[in-house]
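Have a look at the structure below, then the notes.
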Amino acid sequence: MYKHLRVASKKYRKRYGSGKKKRGMIKDKVSIDQRPDCINNKERVGDWEIDTIIGKDKKGAIVTIAERATAFVLIARLEGKNALDLARAVVRLMAPFKDLVLSITSDNGLEFAMHKYIARKLDAEFYFAHPYSSWERGLNEYSNRLIRQYIPKKTDFNDVNDQQIRDITMKLNSRPRKNLNFKPKFLG
């Protein structure tokens, strides 16, 4: 049947079910399955979840980092969505809390390809959640939803400045939450 197609020299190749992708794989990933129980049970302070929020037309990005036990949130605007820009922003953002960074868990986005750089600079373990399993980083996804109250979808991130990001961070970190007995959370 392929001989009757307009381009008859090639057979149509199914693109699904062919195994792993050849491009865009993150090397040396450590699965969330290897994470210690003390992280899974939120027994200590210093275990973080990280994600990105993408702006209108996939232009601009914001990195969000949430501490699992205290629900403390850090937010920064990124110049680009590439792995190097994100890694530098994460290290700069978390440097004041370096003593309180024991592990970081992210999704499988290619923006986290420089995870070894982040882990080395912050002296932390870096884990990756399973693909399409956003509930494994539930606090971070919830924090992103709260941020969307202030920065709705389809917002051009060029219109969002660093002062607005700091204001949103302060509002989220002073917001009382049920899991903290309705007390504001300040890490430190």
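The values are calculated or read from the model by the stated rules, or taken from the named source; none is laboratory data. Every value quoted in this text rests on a predicted model; they were computed, and no experiment measured them. Positions of Cβ are backbone-derived with ideal geometry, glycine not excepted, and every protein chain shown enters the neighbour counts.
What tally of residues in segment 82-108 results from selecting those that are surrounded by 19 or more Cβ atoms within 10 Å (Cβ to Cβ) and either out of contact with any strand residue (DSSP E or B) (no Cβ under 9 Å at 6 or more places or on another chain) or within 21 Å of residue 147 (Cα to Cα) (or both)?
Total satisfying the criteria: 9.
Kindly indicate which of 175, 166 is over 17 Å from the mean Cα position of the chain (by Cα), under 15 Å from residue 65 (Cβ atoms) and either modelled with pLDDT of 90 or more or not acidic (Asp, Glu) (or both). Give the steps one after another, and end with the answer.
Values: 175 fails: under 15 Å from residue 65 (Cβ atoms).
Unique residue meeting the criteria: 166.
Restricting attention to segment 137-159, does a residue exist that is without any contact (Cβ under 8 Å) to a residue 24 or more places away in the chain and either of a type in the set (S, T, N, Q) or touching a Leu at 6+ places or on another chain (Cβ under 8 Å) (or both)?
Checked segment 137-159: at least one residue is without any contact (Cβ under 8 Å) to a residue 24 or more places away in the chain and either of a type in the set (S, T, N, Q) or touching a Leu at 6+ places or on another chain (Cβ under 8 Å) (or both).
Considering only residues that are in contact with a helix residue (DSSP H, G or I) (Cβ under 6 Å, 6 or more places away or on another chain) and either part of a helix (DSSP H, G or I) or aliphatic (A, V, I, L, M) (or both), which ones fall in segment 72-93?
Result: 73, 74, 75, 76, 78, 83, 86, 87, 90, 91.
Please indicate, with yes or no, whether at least one residue in segment 31-42 is more than 27 Å from residue 167 (Cβ to Cβ), modelled with pLDDT under 95 and part of a strand (DSSP E or B).
So the first thing to find is which residues in segment 31-42 are more than 27 Å from residue 167 (Cβ to Cβ), and the list is 31-42.
Then keep just the ones that are modelled with pLDDT under 95; that gives 31-42.
Subset that is part of a strand (DSSP E or B): 31.
Yes, the conditions are met somewhere in segment 31-42.
Anything in segment 111-138 that is in a helix (DSSP H, G or I) and within 15 Å of residue 65 (Cβ to Cβ)? List them, or say none.
Filtering segment 111-138 for residues in a helix (DSSP H, G or I) gives 111-112, 115-122, 134-138.
Hits for segment 111-138 are 111, 112, 115, 118, 119, 121, 122, 137, 138.
Among all residue pairs at least 6 apart or on different chains, which show Cβ distances below 7 Å where the first residue, located in segment 23-45, is of a type in the set (D, E, K, R) and the second is in a helix (DSSP H, G or I) and surrounded by 10 or more Cβ atoms within 10 Å (Cβ to Cβ)?
28/116; 44/38
Which ones in segment 76-89 are free of Cβ contacts under 8 Å to residues at least 40 places away in the same chain and of a type outside the set (Asp, Glu)? Walk me through it before giving the result.
Residues of segment 76-89 free of Cβ contacts under 8 Å to residues at least 40 places away in the same chain: 78-89.
Once the filter is applied, which keeps residues that are free of Cβ contacts under 8 Å to residues at least 40 places away in the same chain and of a type outside the set (Asp, Glu), segment 76-89 yields 78, 80, 81, 82, 83, 84, 86, 87, 88, 89.
Among the residues of segment 90-135, how many are within 12 Å of the chain's Cα centre (by Cα) and either farther than 27 Å from residue 164 by Cα or in contact (Cβ under 8 Å) with a residue 60 or more places away in the chain (or both)? Write out each step before concluding.
Initial filter on segment 90-135 (within 12 Å of the chain's Cα centre (by Cα)): 90, 104-113, 115, 126-129, 134.
Of the ones still in play, those that are also either farther than 27 Å from residue 164 by Cα or in contact (Cβ under 8 Å) with a residue 60 or more places away in the chain (or both) are 105, 108, 110, 112-113, 115, 126-129.
Here the count works out to 10.
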